[in-house]
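One structure is given here, and the rest of the page talks about it.
The values are calculated or read from the model by the stated rules, or taken from the named source; none is laboratory data. All values derive from a computational prediction rather than experimental measurement. Don't worry about glycine lacking a Cβ; one is built from the backbone with ideal geometry, like all the others, and counts go over all protein chains shown.
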Amino acid sequence: MSTPPPPDVLITDTVQGHWLLQGGRIAARGQGGRIAAHGMQLAAPPGATVIDGSGCLVLPGLVDAHAHIDKTLWGTPWHAHDAGPTLMDKIRREREILRTRGLSPAEQSARLLQRMLACGTTHCRTHVDIGPEQGLASFEGVMATRQAWRDLIDLQVVAFPQTGVMVAPGTLALLEAAVQQGAQVLGGIDPMGLDRDPKGQLDGLFAIAGRHGCALDIHLHDRGELGAVTLEMIADRCAALGLRGRVAISHAFCLGSVEPARLEALIERLLQEDIAIMTHAPSGTTPFPPLKLLHQRGVRLFTGSDGVRDTWSPLNNGDMLERAYLLAYKNGFRHDEDIDTALHLATHGGAQVMGAEGYGLDIGCQADLVLVEAQTNAEAVVMHPPRRAVFKRGRLVAGAMRS
Ligand SMILES: [Zn+2]
């Protein structure tokens, strides 16, 4: 079958005027920042800026749906990593570094968003630390950034109890205050491993979600049966409160570390409550959810950078095409179809979990687009080349243009 010639992309923006991406692999005509039509050899309206998109692929804006932008060290001198091996070692080291460096969550989050935008990320869900030590300071900083960057990136904020809930008295009230002040999602963390009180943490979180109707996204690092039982406890509460489709579990290492029969039972619970799973393909030997199997069974999946250049790890850099590559690499994907699945997590999968309105490349969608030098999705993932141009709601927001 012969490949049809690449069509043009035409987007219209009320602020910057028209952009015509000539020879890109999807065509779009936009109005008010939306895609209004697809077509071949579209005529450039008067005053349109024509961009040479030959050899390029147009992707929907990338979605980083699990980040921690409040505590990145991005843009600051290199931090030598020396924290101990346990979760509490890392939390303690993080508190110490953030205290002594005196970094501003508003400034740091904006620095990282700049980087994400350059990589083609147009949507981000970020977990922001809330706890007795810093109160709502980080949350308020990120909310200020969210407001300042509202035309550049859709930012969804998760109220996140990094230092635990039941072991850090006062945290539940702070989380609820954050939800009342605009956090769209409520977070949680290792109800058993960190709190040693899964009933206490989950009952507390779900009560807040029930009162305010917010979505939940819970970090669950506990492996094996500890994590599996916690997952079931989350599903029980999801069902009891009618929150089907509103809950996500991040990391869910337990799904990569239980017996096959146990995994099947857990998949059933995930499907019953339509619980989404986030994995970022952790480094080292950490177990992680089996992507291909979960995707085939219809479990909703998404991904994110997790911490970028923070005190936890120096390895993540905010590039979601590279993240899709790491997902493919860690899962041993070789077929294009499987590599497409990895990209799906960094695009439509994340957008769906975030409830992103008008996401995609169809007519009527928001013109959130990334132009990359690649012929196919698989090539874009494998090579993760520099982004030639990034558009948010029809406006050019990043990229070096060639016209
Ligand atoms: Zn995280």
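Key figures
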quantity: Residue count for segment 280-312, restricted to those that are within 15 Å of the ligand (Cβ to nearest atom) and either free of Cβ contacts under 8 Å to residues at least 40 places away in the same chain or closer than 30 Å to ARG269 by Cβ (or both); calculated: 14
quantity: Enumeration of residues in segment 46-102 that are among the small types (Gly, Ala, Ser) and either touching a Leu at 6+ places or on another chain (Cβ under 9 Å) or without any contact (Cβ under 8 Å) to a residue 60 or more places away in the chain (or both); calculated: GLY47, ALA48, GLY53, SER54, GLY61, ALA65, ALA67, GLY75, ALA80, GLY84, GLY102
quantity: Neighbours by Cβ (under 9 Å, 6+ apart or cross-chain): first from segment 165-177, under 15 Å from ASP129 (Cβ atoms); second among the polar types (S, T, N, Q) and part of a loop (DSSP other than H, G, I, E, B); calculated: THR171/THR163
quantity: Cross-chain or 6+ apart pairs with Cβ under 6 Å, segment 356-371 first and closer than 17 Å to MET116 by Cα and among the charged types (D, E, K, R), then assigned to a strand (DSSP E or B) and at pLDDT 85 or above; calculated: ASP368/THR122; ASP368/LYS392
quantity: From the options ILE267, ILE277, residue that is touching a helix residue (DSSP H, G or I) at 6+ places or on another chain (Cβ under 7 Å) and within 16 Å of the ligand (Cβ to nearest atom); calculated: ILE277
quantity: Failed condition for THR145, given (1) in contact with a Gly (Cβ under 9 Å, 6 or more places away or on another chain); (2) under 26 Å from ILE97 (Cβ atoms); (3) buried (at least 18 other Cβ atoms within 10 Å of the Cβ); calculated: (1)
quantity: Identity of the residue in segment 84-132, surrounded by fewer than 18 Cβ atoms within 10 Å (Cβ to Cβ) and not in a helix (DSSP H, G or I), that ends up farthest from the ligand (Cβ to nearest atom); calculated: GLY102
quantity: Subset of segment 263-286 [surrounded by fewer than 22 Cβ atoms within 10 Å (Cβ to Cβ) and closer than 18 Å to HIS66 by Cα]; calculated: ALA281, PRO282, SER283, THR286
quantity: Helices (runs of 4 or more DSSP H) lying entirely in segment 171-242 (those with 1 or more residues that are in contact with a His (Cβ under 6 Å, 6 or more places away or on another chain)); calculated: 171-180
quantity: Residue match in segment 198-220 (condition: within 16 Å of the ligand (Cβ to nearest atom) and farther than 21 Å from LEU270 by Cα); calculated: no
quantity: Segment 357-375: number of residues that are in contact with a Ser or Thr (Cβ under 9 Å, 6 or more places away or on another chain) and not polar (S, T, N, Q); calculated: 6
quantity: Residue that is nearest to ALA378 (Cα to Cα), among those in segment 54-73 that are out of contact with any Asp or Glu (no Cβ under 8 Å at 6 or more places or on another chain) and within 16 Å of the ligand (Cβ to nearest atom); calculated: VAL63
quantity: Cβ pairs under 8 Å, 6+ apart, first in segment 372-398 and under 11 Å from GLU322 (Cβ atoms) and without any contact (Cβ under 8 Å) to a residue 60 or more places away in the chain, second surrounded by 21 or more Cβ atoms within 10 Å (Cβ to Cβ) and of a type outside the set (A, V, I, L, M, F, W, C); calculated: VAL382/TYR325
quantity: Failed condition for LYS392, given (1) at pLDDT 95 or above; (2) within 18 Å of LEU113 (Cβ to Cβ); calculated: (1)
quantity: Of all residues in segment 153-163 being assigned to a loop (DSSP other than H, G, I, E, B) and within 14 Å of the ligand (Cβ to nearest atom), the one that is modelled with the highest pLDDT; calculated: PRO161
quantity: Filter pass, ALA328 being aliphatic (A, V, I, L, M), touching a strand residue (DSSP E or B) at 6+ places or on another chain (Cβ under 6 Å) and buried (at least 22 other Cβ atoms within 10 Å of the Cβ); calculated: no
quantity: Flag if LEU59 is modelled with pLDDT of 85 or more and assigned to a loop (DSSP other than H, G, I, E, B); calculated: no
